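Trainee: Attaching a single structure in structure tokens format; questions to follow.
The values are calculated or read from the model by the stated rules, or taken from the named source; none is laboratory data. The shown structure was predicted, so the numbers you read here are calculated from the model rather than taken from an experiment. For neighbour counting, all protein chains shown are included, and Cβ atoms are generated from backbone atoms with ideal geometry for every residue, glycine included. Heads up: the accessible areas ignore ligands, DNA and RNA and are worked out on the full protein's heavy atoms, side chains in. Shrake-Rupley method; radii C 1.70, N 1.55, O 1.52, S 1.80 Å.
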Amino acid sequence: MTSSGTRGPHPVDASGDPLTFALSGLMAEAPGTVREYAIDGVDVDPGDGLILTEPVSGTMRLSRTNRGLVVDARLNTALAGECARCLRPVVTPVRIRIDEEVLPSIDIGSGMPVPLEEGGDPEAPRLTDHHELELRPLVIEAINIKEPIAPLCEPDCPGLCPECGQRLEPGHAHDDLVIDPRLEALRAFRVDDSGDSG
């Protein structure tokens, strides 16, 4: 089994996209061959209203298999958002792990199209007709999966005051709070602590 973990230069591709890798050389290697690449500060637009505050950086390891390639990418970036409680801007660090098998579209030896295996997933990632790995769609998908549902500016964020809408900072108070006249009758309301409901 051949194994090479040396980081080499980015294989040049026709598109100029730093997340597209020309891999005809690796595809001609024996199963077990490994290549590692650094991904340094690549701008990505994740779409769906998401905004990155940092470019995508990290490493990618490609392992040749008897069918195609196993992609193991470990990347970092950060997402802009707003606190779910107080609406202040918040930045959420994002760690991305991509672990996918990518199959060829064209056989490296014969140049013939590689048919989809019976029962194979038609949506599974594949190399292009020029033996290129387009990593960008996989990165975008991974970022969208990592979008936080309810990010917080701090774990115990107090949220907003329901009266004035300001953040509930320490010492927040309303000395001359004006009561809605429609709620004035509730001043005399007392909760019965006896636990009797009837």
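Trainee: HN-Hα J couplings of segment 43-53 from phi, Karplus 6.51/-1.76/1.60, θ = phi - 60°, integer Hz, Gly and Pro as x?
Mentor: So the Karplus estimates, Gly and Pro as x, are 6, 9, 9, x, x, 6, x, 7, 10, 8, 9 Hz.
Trainee: Also, quick follow-up: What residues have an amide H closer than 5 Å to that of Arg167, excluding those fewer than 5 places away on the same chain, when H is modeled at 1.01 Å from N in the peptide plane?
Mentor: Cys161
Trainee: A further question on this structure: Between Asn76 and Asp129, what FRET efficiency comes out of the Förster formula 1/(1 + (r/R0)^6) with R0 = 22 Å and r the beta carbon distance, rounded to 0.05?
Mentor: Efficiency computed from Cβ-Cβ geometry: 0.10.
Trainee: So, one more: Can you send over the carbon and sulfur percentage of the accessible area for segment 29-182, probe radius 1.4 Å, protein chains only?
Mentor: 50
Trainee: What distance in nm separates the simple spin-label points at Asp48 and Arg88, each placed 7 Å from Cα in the Cβ direction?
Mentor: Once both label points are built, they end up 2.7 nm from each other.
Trainee: Further question: Based on the mean of other Cβ atoms within 10 Å per residue, sort peptides 18-28, 35-45 so the most packed one is first.
Mentor: Result, highest mean first: 18-28, 35-45.
Trainee: Return one whole number: the accessible area per residue of segment 69-110 in Å², for a 1.4 Å probe.
Mentor: Spelled out: the 1.4 Å probe surface of segment 69-110, per residue, equals 52 Å².
Trainee: What is segment 57-170 by shape, rounded, prolate or oblate, if you read a ≥ b ≥ c off the alpha carbon gyration tensor as root eigenvalues and call it rounded for a/c under 1.5, prolate for a/b larger than b/c, and oblate otherwise?
Mentor: prolate
Trainee: If you add up the charges near Asn76, with Lys and Arg at +1 and Asp and Glu at -1, over every other residue whose beta carbon is less than 10 angstrom from its beta carbon, what do you get?
Mentor: +1
Trainee: Determine which residues of segment 115-151 fall in the zone a paramagnetic label at Ser105 would reach in this model, i.e. backbone nitrogen under 12 Å from the point 7 Å along Cα→Cβ.
Mentor: Answer for segment 115-151: 125-134.
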